[in-house]
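The values are calculated or read from the model by the stated rules, or taken from the named source; none is laboratory data. Note that the structure is predicted; figures quoted are calculated from it, not measured. Positions of Cβ are backbone-derived with ideal geometry, glycine not excepted, and every protein chain shown enters the neighbour counts.
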Amino acid sequence: MSLSEHREHNMDEDPSTSAGIKCSIPKELQDELDLIAANVPRDIEEVKESLTLCSCCDSHNIEIESWKEESEKCVDTPVVNIISQIVESETNVLIVGEPGMDIRVINERTQLESVNEQHGKFTIMISRQYEQEYCKRIESELQFGKMNQCFCNSQMKFEKYRALFLDILKSMDDSLLLERINTYDLVANNEHHEIEYEDYRSDEDMTEGPFLTACIQGYYDIVQYFISKGADINLCGLFGSPLIDACIGGNENIVQLLIDEGSDKNQTNRIGFTPLTISCVEGKEKIEQLLINKGFDINQVDKMGQTPLKASCWTGNEKIVQLLIDKGCIVKQDASIGETPLFAACKVGNEKIVKILIDKICDVNQTTSIGQTPLIAACSGGNQKIVQFLIDKGCDVNQYDGFGETPLTTACSGENEKLVLLLIDKGFDVNQIDEKGCDVKQDIGIGETPLTAACRGGNKKIVDLLIGKGREVNPNDSIGETPLTAACRGGNENIVQLLIDKGCNVNQIDGNKDTPLIITCSLGRNEKIVQLLLNQEVNLNQTDRTRQTALTAACKGGNEKIVQLLLDEGVNVCVGVSGDTDLTDDVYLFAVEKSYFYLNFEHRK
């Protein structure tokens with residue numbers, strides 16, 4: 001069957017196999033094709049029928065589209081390559097496809113001349129002469145189940161095109177239209193435990209569907225038409241519903257239309273958001289006002305544990321927070337459902353919202369469901385003004401959370417030494433806990449001390465500050481860490497040197513029976529710290545809880561320079577896991593890999 005016969009035979013099938021938008025082939029190009037055909041073993045008629053030529057918007061540019069990776073209907077032959085080189089017309093764009101222009105090309109690269117809107121540099125302009133054929137192509141795509149793809153057309157942002165598209169939709173049979181509107185079924189993939197959409201018509205663009213797309217994009221006339229034809233106004237997609245998507249898009253007229261049509265006010269999407277909470281998350285003030293005026297519950301808790309007030313605090317929208325409070329929203333919300341509004345505001349660092357909430361008699365020491373406090377949240381964000389404000393309002397600076405964190409340990413883990421100084425200076429005796437005194441020696445029994453937190457965090461100024469305030473440099477914290485082992489894990493040689501200068505014991509083991517040298521060697525990333533420790537009276541052959549030595553740790557870490565440093569210091573290569581007199585497996589394997597065969601002889605003790 002010839003290509004022409006094949007095309008004619010398939011005209012009633014999927015329009016992606018139809019010829020697309022066509023113009024005549026210029027005589028100059030026809031002559032070139034005839035010339036090429038004489039020298040290339042390929043049916044030139046097929047090549048001719050694969051060409052779609054349209055007027056280009058930019059007379060100074062030529063674009064050649066092959067869609068090699070995107071479509072199986074591409075032509076990628078010597079003929080096409082030669083054609084691509086010889087086309088010199090400045091008023092044409094050559095689209096190569098077999099046998100026609102793919103719908104994605106139409107969506108992304110074409111624009112109707114009659115739309116009369118700005119276009120991209122390489123946009124293919126469809127003249128009025130071919131507009132009717134263009135519309136027939138879109139109609140065919142809709143008939144064959146490609147409604148989602150048609151909604152992806154770049155011209156949908158233009159009102160004139162949407163009006164034309166709506167006329168095409170109105171030409172569809174009502175029952176077929178309704179089927180296309182509700183394209184997807186939600187199915188569970190039991191093998192992978194994932195949720196996915198299954199398409200009735202194998203539409204390639206997996207979107208939320210035409211109805212939800214119209215709601216979020218603000219296509220009011222199309223939404224109205226869909227509803228008039230019986231579209232489900234409470235349709236729930238994976239991420240949205242008509243009302244929720246209209247709220248996300250900030251489309252007041254569609255929100256109003258859906259509510260008037262009886263949309264469920266308390267419906268949640270599959271993630272759990274309600275229309276009111278999602279409006280707060282998106283910061284849509286006018287939508288929020290509209291929903292409240294329509295009687296939506298301002299204290300409703302969604303499936304995610306969010307309330308409108310908490311959602312607004314997380315996004316930092318002061319106007320919506322004030323609106324909710326003015327409408328009677330509960331400020332001191334139950335912490336059992338997650339974070340409190342004050343915690344959220346402190347975490348994101350919004351000073352104005354923090355003040356609004358506290359002015360409404362919000363408890364500054366109220367913890368979340370997992371014991372997190374507003375002050376610790378503010379410290380983690382490094383916001384000095386909020387920390388100062390909370391303390392001035394009576395916040396307990398020594399209160400710890402469910403993870404064992406205190407405001408001071410949290411601040412010490414960061415980079416803000418002024419914040420650390422602020423917490424310490426709020427007390428009288430820094431070694432005692434009183435109403436507002438922050439204890440630099442504090443260890444709450446399930447976490448680290450401020451000094452180990454600072455050593456791990458890598459801020460030398462904070463470490464120096466804490467030591468200057470009376471913190472000892474050798475004790476373990478409640479999770480077994482010492483300041484020196486914490487500094488070695490953090491990899492900051494300046495802090496290691498400071499601790500050594502302050503009299504830190506370089507051979508002290510931590511709660512996990514690790515030594516500073518073994519920890520540094522196992523990490524294998526900082527030879528300078530290894531050298532600092534070797535400069536002290538460090539025990540080269542000390543073992544940890546697994547009888548690992550610094551050398552075996554260094555071999556596992558894979559750093560040749562550290563291994564060489566240890567060898568030069570006279571480490572015993574035969575001390576290790578088994579206690580045998582031969583090389584340990586780790587040392588032997590490393591030696592073989594690095595060609596250190598002399599280990600067994602020159603460095604053996």
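Results, tabulated for the structure shown:
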quantity	calculated
When residues of the stretch 287-306 are limited to those that are β-branched (V, I, T) and closer than 19 Å to A246 by Cα, the one surrounded by the most Cβ atoms within 10 Å (Cβ to Cβ)	I287
Test for E285: is it among the charged types (D, E, K, R) and under 21 Å from I325 (Cβ atoms)	yes
Tally of residues being out of contact with any Gly (no Cβ under 8 Å at 6 or more places or on another chain) and at pLDDT below 90 across the stretch 201-213	4
Any hit, the stretch 125-132, residues being among the β-branched types (V, I, T) and within 21 Å of F226 (Cβ to Cβ)	no
Matching residues in the stretch 516-538 - criterion: being part of a loop (DSSP other than H, G, I, E, B) and under 18 Å from D501 (Cα atoms)	N535, Q536, E537, V538
Tabulated pairs, the stretch 118-137, first touching a residue at least 12 places away in the same chain (Cβ under 8 Å), second of a type in the set (F, W, Y), C-beta under 7 angstrom, 6+ apart or interchain	I126/Y134
Positions within the stretch 218-272 being surrounded by 20 or more Cβ atoms within 10 Å (Cβ to Cβ), touching a Lys or Arg at 6+ places or on another chain (Cβ under 8 Å) and among the aromatic types (F, W, Y), in sequence order	Y219
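One line per residue, one yes/no per condition, for (1) in contact with a Cys (Cβ under 7 Å, 6 or more places away or on another chain); (2) at pLDDT below 90; (3) of a type in the set (F, W, Y):
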position: N299; (1), (2), (3): yes, no, no
position: G328; (1), (2), (3): no, no, no
position: A335; (1), (2), (3): no, yes, no
position: I356; (1), (2), (3): no, no, no
position: L390; (1), (2), (3): no, no, no
position: K393; (1), (2), (3): no, no, no
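Conditions tested, residue by residue: (1) crowded, with 16+ Cβ neighbours inside 10 Å; (2) assigned by the TED database to the domain that holds T452; (3) modelled with pLDDT of 60 or more; (4) not polar (S, T, N, Q).
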position	(1), (2), (3), (4)
I519	yes, no, yes, yes
Q548	yes, no, yes, no
A553	yes, no, yes, yes
G557	yes, no, yes, yes
V563	yes, no, yes, yes
L567	yes, no, yes, yes
N572	no, no, yes, no
D580	no, no, no, yes
L583	yes, no, no, yes
